[in-house]
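The values are calculated or read from the model by the stated rules, or taken from the named source; none is laboratory data. Predicted, not measured: the structure shown is a model, and the values here were computed from it. Here the Cβ is made from the backbone with ideal geometry for all residues, glycine too, and neighbour counts use every protein chain on show. Surface areas here come from the heavy atoms of the whole protein model, side chains and all, with no ligands, DNA or RNA. Shrake-Rupley method; radii C 1.70, N 1.55, O 1.52, S 1.80 Å.
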Amino acid sequence: MNSLFAQLFVSLQTRIATTVPGIQGILPEMGQTEIYTSIPAIWPCVFIDFNNVTFTEILNQGQRANGELQLRLVYYVLAADGLTFTDTNTVLEYYDVETKLHEALQGWSSNGINPLSRIRVSTEVRSDAFRVRTLTYSLDFEEYPAMPANPVARPQLELS
């Protein structure tokens, strides 16, 4: 994988899976909670995305990137019967999972990114059976193009 975002996703997936065992699924954000046709049994789960990334030029054809890492922590709020809401103790456990997720990521760094720093937490307003807490972290890194394995030799400049 040459994509820094792909490498970062895999690193985040590993970090979350090993430090926050209460999270059942760690997936790339693809609008799953908006286009679902059935309810998978992976709650709570985290959907990961990289948003609002801007780039500025730096030396050696590199770019400095600043943006946001967004983690959508999703719970299914109905009990197993599909009719009643999840009990209070389960909801409190979800808040503990959120805290553990933050503790696993605050100050964490991988693949050349600067340490993550939480900048926002919000709750999505929804009209379905999902509760979504969105944790947003600042994302800063530098990226340089891969150098070719066999650079092309440049002809010598002839001065007459």
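Taking the Cα centre of the chain as origin, sum charge times position over the Cβ atoms of Lys and Arg (+1) and Asp and Glu (-1), and report the length of that vector in debye to the nearest 20. The partial results should precede the final answer.
Working: 10 positive and 17 negative charges, 32 e Å.
For the chain, the charge dipole is close to 160 debye.
Below 8 Å, C-alpha to C-alpha, sequence gap of six or more: please give me the relative contact order for the chain in percent.
Numbers: 239 pairs, mean separation 36.2, N = 160.
Over the chain, the number comes to 23 percent.
Share of the range 43-154's accessible area from carbon and sulfur, percent, 1.4 Å?
Details: 3360 of 6650 Å².
Taking all protein chains in place, the range 43-154 shows 51 percent carbon and sulfur surface.
Could you tell me which of T54, Y76, V91 has its Cα farthest along the dipole of the range 29-118 towards the positive end, charges placed at Cβ (Lys, Arg +1; Asp, Glu -1), taken about the Cα centre?
The Cα lying farthest towards the positive end belongs to T54.
Taking a ≥ b ≥ c as the square roots of the Cα gyration tensor eigenvalues, with a/c under 1.5 meaning rounded and otherwise prolate when a/b beats b/c, else oblate, which class fits the chain? Could you put the intermediate results ahead of the total?
On the way: a/c = 3.07, a/b = 2.71, b/c = 1.13.
Taking the square roots of the gyration eigenvalues as a ≥ b ≥ c, the chain is prolate.
Expressed as a rounded percentage, what relative contact order does the range 1-64 have, with Cα pairs under 8 Å and six or more residues apart? Could you put the intermediate results ahead of the total?
Numbers: 46 pairs, mean separation 17.3, N = 64.
Averaging sequence separation for qualifying contacts and normalising by length gives 27 percent for the range 1-64.
222 nm [θ] for the chain, helices only, -39500 (n - 2.57) per DSSP H run of 4+, per residue, to 500? Each step should come with its number before you reach the end.
Values: 2 runs with 34 residues, N = 160.
Value at 222 nm, helices only, nearest 500: -7000 deg cm²/dmol.
Please calculate how many Å² of accessible area the chain carries per residue, with a 1.4 Å probe and no DNA, RNA or ligand atoms counted.
Working: 10120 Å² over 160 residues.
Per residue, the chain has an accessible area of 63 Å².
Could you work out which residue, out of I26, I35, I16, moves most in a Gaussian network model of the chain, that is, has the largest mean-square fluctuation with Cα springs under 10 Å?
With Cα springs under 10 Å in the chain, the top fluctuation among I26, I35, I16 is at I35.
May I ask you to rank L27, L139 by accessible area, largest first, using a 1.4 Å probe over the protein chains only? Spell out each step's value before the answer.
Details: L27 60, L139 0 Å².
Solvent-accessible surface, decreasing: L27, L139.
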